[in-house]
Amino acid sequence: MTTIPEVYFGSNISGLPSMFANMSTKLDKIIELLDLSTIKKKDKVAVKMHLGFNEGYQTVPVFFVRRVVEAIKKQGGVPFVTDNPTAVYNAAYRGYTQETCGCPIIPIAGVKDGYVTKKEVDFAGIESLDAAGALLDADAIVNLSHSKGHGSCGYGGAFKNIALGGYSGPTRWQTIHGIVERDSYFDAEKMTKEHLEKLKKACPRNAPSWDNKKKKASLNFYDCDQCHGGEQLCVKADDGKTGWSVNPENFDSFQELMAVAAKIILDSFDAAKIFHLNFLIDITPFCDCYGMAMPAVIDDIGIVGSKDIVAADVASLDLIAEQGLNESIIKKIPEKYMRVNPDLSAKLHPWQLIHGPIKDPYKVAKYGEARGMGSSKYKLIEVLSAEETAAMEPPKHTFESGPSFF
Ligand code: SF4
């Protein structure tokens with residue numbers, strides 16, 4: 001009999017405005033339920049994060065990172081926060097330092113992004129992926145991710161944090177992101193720069209593009225919202241000349257390769273020493289690598305924790321679906337920034353309403369489940385719910401009426 005994985009959830013809504021019921025207490029409770037006791041004394045523990053870029057501060061707040069780090073230390077583990085070299089080098093700009101996190105911050109694939117282990121893979125002609133060496137050096141992993149939207153696949157959470165973040169830059173950008181070009185979607189022999197310009201002009205997202213160096217056309221899959229299920233204006237402008245099409249296969253190959261890549265990383269660890277935490281706060285429409293402030297298009301939800309990566313992401317997506325888009329924010333966003341489905345009541349996930357119907361945010365988890373990585377059926381256990389905490393007797397709250405540190 002297969003066991004249904006547990007997903008622990010701490011909502012940002014509390015029953016009382018009291019510290020005993022707030023998010024930090026809920027995070028502590030989730031960590032307790034995840035049971036970090038499998039982390040042994042001196043185990044090196046990678047806390048894999050996205051530390052953001054440039055001015056993108058809407059990542060997991062250092063306040064929570066420090067709490068996770070302290071919990072690892074309590075087990076005798078030796079934690080280190082890790083991400084790609086650029087994000088690590090300028091992490092202090094966004095408040096992440098050894099002092100604030102409580103542990104070193106180490107570039108995931110070395111200072112020159114070249115400390116990697118080639119991992120064999122058999123997928124669509126790809127033979128190997130360069131897995132990040134510092135991550136693989138660890139004995140345990142806390143997959144600490146920020147749940148947000150993503151242009152290529154609709155959603156970025158636990159899978160994406162490992163699948164892309166667990167590899168060197170070239171593997172991440174050229175091999176994994178580049179897989180969208182696997183299935184041809186136009187006849188290159190018949191394509192010209194002038195014709196491509198026609199397609200680009202027709203597209204409200206400017207997604208078709210021409211590479212002057214390579215003299216080659218391509219579709220920017222990240223920006224394409226598939227005209228939200230309506231008439232695809234680029235296809236109309238092509239008028240059959242090059243057979244230009246916008247196919248689900250191209251988008252899906254990225255999701256499938258993400259599942260493959262995440263499995264390679266997680267298979268390198270003892271399953272008992274893998275922990276996933278998704279932070280559903282500051283839920284922006286695009287990835288943290290944008291490096292800029294973005295509107296939070298979905299209101300804060302809380303924290304999700306599980307030992308099962310599929311369950312963690314599926315539960316996070318279900319909670320996002322239940323919450324729905326913040327329509328008053330959505331209405332203020334100009335089309336040039338982001339085009340949303342004209343029918344917000346359409347039976348689509350909020351990430352599909354933003355990124356288009358083909359970018360099914362559950363797909364990566366489905367591909368993962370098919371590869372035995374976890375279960376999309378899960379048991380949601382809410383910790384310190386609003387109902388529960390509303391019925392509790394809070395400790396007396398004292399306000400800071402004067403300096404209390406001396
Ligand atoms: S389907 Fe629509 S959004 Fe996508 S490239 Fe074509 S015109 Fe642009």
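The values are calculated or read from the model by the stated rules, or taken from the named source; none is laboratory data. Because the structure is a prediction, the values reported are computed rather than measured. Neighbour counts run over all protein chains shown; Cβ positions are idealised from the backbone, glycine included.
Here are a few things to note about the model shown:
Here is a yes/no grid of residues against (1) at pLDDT below 95; (2) under 27 Å from residue 54 (Cα atoms):
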position	(1), (2)
289	yes, yes
301	no, yes
305	no, no
311	no, no
335	yes, yes
353	no, no
356	no, no
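- Residue in region 267-278 that is farther than 30 Å from residue 54 by Cα and within 13 Å of the ligand (Cβ to nearest atom) present: no
- Within region 176-194, restricting attention to residues that are touching a strand residue (DSSP E or B) at 6+ places or on another chain (Cβ under 8 Å), of a type outside the set (Phe, Trp, Tyr) and without any contact (Cβ under 8 Å) to a residue 60 or more places away in the chain, the residue that is farthest from residue 122 (Cα to Cα) is 193.
- Residue count for region 281-308 under the criterion of being crowded, with 24+ Cβ neighbours inside 10 Å, under 12 Å from the mean Cα position of the chain (by Cα) and not in a loop (DSSP other than H, G, I, E, B): the result is 2.
- Residue within region 376-390 that is closer than 30 Å to residue 271 by Cα, more than 16 Å from the ligand (Cβ to nearest atom) and among the β-branched types (Val, Ile, Thr) present: yes
- Residue tally, condition assigned to a helix (DSSP H, G or I) and either surrounded by 13 or more Cβ atoms within 10 Å (Cβ to Cβ) or within 16 Å of the ligand (Cβ to nearest atom) (or both), over region 174-189: 7
- Residue in region 214-237 that is surrounded by the most Cβ atoms within 10 Å (Cβ to Cβ), counting only those that are part of a helix (DSSP H, G or I) and near the ligand (Cβ under 9 Å from one of its atoms): 234
- You will find that of 108, 13, 4, 30, the residue that is at pLDDT 95 or above and more than 21 Å from residue 148 (Cβ to Cβ) is 4 and no other.
- Criterion: in contact (Cβ under 8 Å) with a residue 24 or more places away in the chain, of a type outside the set (Lys, Arg), in contact with a Ser or Thr (Cβ under 9 Å, 6 or more places away or on another chain) and under 19 Å from residue 209 (Cα atoms) - qualifying residue of 279, 251, 275: 251
- Listed by first and then second residue, the pairs with beta-carbon distance under 6 Å, at least 6 apart or on different chains, first residue in region 321-335 and more than 13 Å from residue 285 (Cα to Cα), second of a type outside the set (D, E, K, R) and not in a helix (DSSP H, G or I), are 321/349; 323/298; 323/301.
- For region 238-249, the tally of residues that are on the phi < 0 side of the Ramachandran plot and more than 11 Å from the ligand (Cβ to nearest atom) stands at 4.
- Of the criteria (1) farther than 20 Å from residue 348 by Cα; (2) in contact (Cβ under 8 Å) with a residue 40 or more places away in the chain; (3) touching a Lys or Arg at 6+ places or on another chain (Cβ under 6 Å), which one residue 210 fails: (2)
Yes/no matrix, rows are residues, columns are (1) touching a helix residue (DSSP H, G or I) at 6+ places or on another chain (Cβ under 9 Å); (2) under 30 Å from residue 72 (Cβ atoms):
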| residue | (1), (2) |
| --- | --- |
| 134 | no, yes |
| 140 | yes, yes |
| 155 | yes, yes |
| 159 | yes, yes |
| 163 | yes, yes |
| 175 | yes, no |
| 183 | yes, no |
| 192 | no, no |
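- Residue list for region 192-206, filter: within 11 Å of the ligand (Cβ to nearest atom) and of a type in the set (A, V, I, L, M, F, W, C): 199, 202, 203
- Checking 57, 93 one by one, the residue that is under 23 Å from the mean Cα position of the chain (by Cα), over 15 Å from residue 305 (Cβ atoms) and in a helix (DSSP H, G or I) is 93 and no other.
- Screening 353, 317, 380, 344 for residues that are hydrophobic (A, V, I, L, M, F, W, C), buried (at least 22 other Cβ atoms within 10 Å of the Cβ) and more than 17 Å from the chain's Cα centre (by Cα) leaves exactly one candidate, 353.
- Of the candidates 171, 117, the single residue that is assigned to a helix (DSSP H, G or I), modelled with pLDDT of 95 or more, among the hydroxyl-bearing types (Ser, Thr, Tyr) and in the same structural domain as residue 297 (by TED's automatic domain parsing) is 171.
- Residue 161 fulfils the conditions (1) under 21 Å from residue 337 (Cα atoms); (2) surrounded by 18 or more Cβ atoms within 10 Å (Cβ to Cβ) except for a single criterion, (1).
- Taking (1) modelled with pLDDT of 95 or more; (2) surrounded by fewer than 17 Cβ atoms within 10 Å (Cβ to Cβ); (3) not basic (Lys, Arg) in turn, residue 18 satisfies each apart from (1).
- Boolean, residue 242 is surrounded by fewer than 23 Cβ atoms within 10 Å (Cβ to Cβ), of a type in the set (Val, Ile, Thr), in contact (Cβ under 8 Å) with a residue 24 or more places away in the chain and farther than 30 Å from residue 279 by Cβ: yes
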